[in-house]
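Here the structure is laid out as structure tokens; the discussion comes afterwards.
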Amino acid sequence: MRRLGVLVLLSAVLVATNACVVIEDGEVGVSKSFGRISDEPVSQGVVIQVPVVRTVETWNVKLQEVKETAQVPSSEGLIVGLDSSLLFRVLPEEAPQIRKTVGWNYIDRLVIPYFRNGLRDVVSGYPVKNIYSEAGRKEISGKLLTFLRDTLEPRGIKVVDVLLRDVKLPARFRESIEAKLTAEQKVQQKSFELEQARKDAEIEIARAEGAAKAQAIVRATLSDSYLQYLWIKTLNENPNVIYVATEANMPVFRTLTSSSKK
């Protein structure tokens, strides 16, 4: 009897546990009774369910991400690898309708197919250089976002954003870009060297012009009298020279020897 009572108690606990469903924040419940899905979602809280009579599924209505790595053709026919992400969430009031028309695996049946289709349709209209550039990726992302909102939001999926994370270029195009960048770097280096040579030439010209102006100033200020003065001054600074004035103001000098000093 005691063993039977324990089994009855465990069965009651198990039934009670299965009969309760907790709908948390960021979730919504979809109620199904006798195979019929209710049009009204179940809000947060504890919900009682009875198998067959009533069951409640919990649906995630928080922000979700789908990542996609696709090989898409450019307008030139080149295959470009594209890593992208779609940010979306289920509208709580639309969860029962999605469950009715699509099913619980709506991501695989609805979101991913439209996402892939949009990627191929939008990207195929652009050349590779636009797909690779930042401005081109922003434009592609904007068009893809508009396409997905037009197709998914009427079905109860709120599209938040589309992110193009990485672009893998074809090997041939990547090599041509690298060659172009190398050539541009060489041109920039030559331009720098040319500019540096011009600066050096300007410096040398400025120095020569300064020296020429200095010489012109000296030539303009020198006179015979000033030159004679400089000559006499230089002679006077020589201890071995004696200056004697003459009537013509021309110096007469004599170099002193050691015997004359005595």
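The values are calculated or read from the model by the stated rules, or taken from the named source; none is laboratory data. The model shown is predicted, which means the values in this text are computed figures rather than measured ones. Positions of Cβ are backbone-derived with ideal geometry, glycine not excepted, and every protein chain shown enters the neighbour counts.
The set of residues in the stretch 26-53 being in contact with a Gly (Cβ under 8 Å, 6 or more places away or on another chain), among the hydrophobic types (A, V, I, L, M, F, W, C) and at pLDDT 85 or above consists of VAL42 alone. When the stretch 81-119 is filtered for residues that are in contact (Cβ under 8 Å) with a residue 60 or more places away in the chain, of a type in the set (Lys, Arg) and over 16 Å from LYS158 (Cα atoms), only LYS100 remains.
Among the candidates LEU78, LEU87, which residue alone is at pLDDT 95 or above and surrounded by fewer than 16 Cβ atoms within 10 Å (Cβ to Cβ)? Please lay out each step first, then the result.
Working: LEU78 fails: at pLDDT 95 or above.
Sole residue among the options that is at pLDDT 95 or above and surrounded by fewer than 16 Cβ atoms within 10 Å (Cβ to Cβ): LEU87.
From the list ARG116, ARG120, ARG174, the lone residue that is outside the structural domain of VAL90 (by TED's automatic domain parsing) and either modelled with pLDDT under 85 or in a helix (DSSP H, G or I) (or both) is ARG174. Taking the criterion of being under 17 Å from LEU163 (Cβ atoms), under 24 Å from the mean Cα position of the chain (by Cα) and of a type in the set (A, V, I, L, M), the residues of the stretch 70-124 that qualify are ALA70, VAL72, VAL80, LEU82, LEU86, LEU87, LEU119, VAL122, VAL123. Taken together, the residues in the stretch 34-54 that are outside any loop (DSSP other than H, G, I, E, B) and within 16 Å of TRP104 (Cα to Cα) amount to 3.
State yes or no: is PHE147 out of contact with any His (no Cβ under 6 Å at 6 or more places or on another chain), modelled with pLDDT of 90 or more and either surrounded by 13 or more Cβ atoms within 10 Å (Cβ to Cβ) or in the same structural domain as SER85 (by TED's automatic domain parsing) (or both)? Before the answer, list the steps.
On the way: out of contact with any His (no Cβ under 6 Å at 6 or more places or on another chain): yes; modelled with pLDDT of 90 or more: yes; either surrounded by 13 or more Cβ atoms within 10 Å (Cβ to Cβ) or in the same structural domain as SER85 (by TED's automatic domain parsing) (or both): yes.
It is true that PHE147 is out of contact with any His (no Cβ under 6 Å at 6 or more places or on another chain), modelled with pLDDT of 90 or more and either surrounded by 13 or more Cβ atoms within 10 Å (Cβ to Cβ) or in the same structural domain as SER85 (by TED's automatic domain parsing) (or both).
If the condition is being free of Cβ contacts under 8 Å to residues at least 12 places away in the same chain and in a helix (DSSP H, G or I), then the stretch 123-138 contributes LYS129, ASN130, GLU134, ALA135, GLY136, LYS138.
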